[in-house]
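The values are calculated or read from the model by the stated rules, or taken from the named source; none is laboratory data. Note that the coordinates shown come from a computational prediction; the quantities given were computed from them, not determined experimentally. Here the Cβ positions follow ideal geometry from the backbone for every residue, glycine too, while neighbour counts run over all protein chains shown.
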Amino acid sequence: MSRFIRTATALTLGASTLASLPALAADELHYNQISLRAEASQEVARDKMIVTLYTESQNTDPAKLAAEITTTMNQALDQAREVKAVTLRQGSRNSYPIYDTKNQKITGWRERAELRLESADFPALSKLTGELLNTLKMENMDFAIADATRKASEDALLKDAVTAFKARAQLATEALGGKGYKIVNLNFNTNGYPQPYARGGMMMKAAMMESAPTPQVEAGTSQVSMSADGVIEVLQ
């Protein structure tokens, strides 16, 4: 007899035990249930490039400092808007005081503002970045998987994971000598979809300045997977 088939324990039924029989019936035991796991994976291209640029300066006059930062950012925004393939997003902007050596008196102000650029057109964004580095500095360059690409990948992986789970369920059923099976529950989990991969800003800036205006970039791929975890009941 299969090891997965539970054997009933002989009970001596007293008055109190008989009173609990309805509760036992309501909490029906399930036999021949097996937990299974299957997984499907694929390589997915990092098809979105993300560049974060910034400007930073200091001045004893906070109003003049703010005007300088605003002028620099407005010029960068106007230039970036001309490249239709690039999505713009302004990042954080912060101003903070600079103190003297005794940390008692404010001697000036420093301000920093960020500009975030995203695009699936790597050459266009690389060229724009090289041009903007004349007035801005680079914080980092990231690569990620675009939302549409991720959804398409997840849809394909879900089908593959279901197929793999059903194949494993059938294999387990045959190994146990069952006539068939039914799925009790099934859950899916995705893994491997990366957070943007950041390349150091100083290194990338040097590469931009020393090479051609449009440096080549290679985003690479990520192996992503979807697991199917579930329980089946083998039918005898």
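Below, the figures for the structure above:
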read-out: Criterion (small (G, A, S), out of contact with any Gly (no Cβ under 9 Å at 6 or more places or on another chain) and modelled with pLDDT of 95 or more) met by exactly one of S57, S20; value: S57
read-out: Pairs, first surrounded by fewer than 19 Cβ atoms within 10 Å (Cβ to Cβ) in segment 37-55, second part of a loop (DSSP other than H, G, I, E, B), C-beta under 6 Å, six or more apart; value: D47/A120; D47/A146
read-out: Inter-residue pairs, beta-carbon under 9 Å, first within 12 Å of A76 (Cα to Cα) and in segment 125-142, second of a type in the set (D, E, K, R), 6+ apart; value: L128/E82; L133/K205; K137/E56; K137/K205
read-out: Enumeration of residues in segment 144-158 that are more than 15 Å from the chain's Cα centre (by Cα) and over 18 Å from V231 (Cα atoms); value: D155, A156, L157
read-out: T214 vs. criteria hydroxyl-bearing (S, T, Y), in the same structural domain as Q236 (by TED's automatic domain parsing) and either within 30 Å of Y54 (Cα to Cα) or modelled with pLDDT of 90 or more (or both); value: no
read-out: Residue match in segment 4-17 (condition: at pLDDT 85 or above and surrounded by 12 or more Cβ atoms within 10 Å (Cβ to Cβ)); value: no
read-out: Residue ID - surrounded by the fewest Cβ atoms within 10 Å (Cβ to Cβ), chosen from residues in segment 98-135 that are of a type in the set (G, A, S) and more than 26 Å from A146 (Cβ to Cβ); value: G108
read-out: Of all residues in segment 89-121 being of a type in the set (K, R) and either part of a strand (DSSP E or B) or touching a helix residue (DSSP H, G or I) at 6+ places or on another chain (Cβ under 8 Å) (or both), the one that is modelled with the lowest pLDDT; value: R89
read-out: Where a residue in segment 79-96 is under 20 Å from G130 (Cβ atoms) and in contact (Cβ under 8 Å) with a residue 24 or more places away in the chain and its partner, wherever it lies, is part of a loop (DSSP other than H, G, I, E, B) and of a type outside the set (S, T, N, Q), with Cβ under 7 Å and at least six apart; value: A80/V86; A85/D121
read-out: Meets criteria (of a type outside the set (K, R), closer than 30 Å to K151 by Cα and within 33 Å of the chain's Cα centre (by Cα)) for L77; value: no
read-out: Filter result for D78 (of a type in the set (D, E, K, R) and not in a strand (DSSP E or B)); value: yes
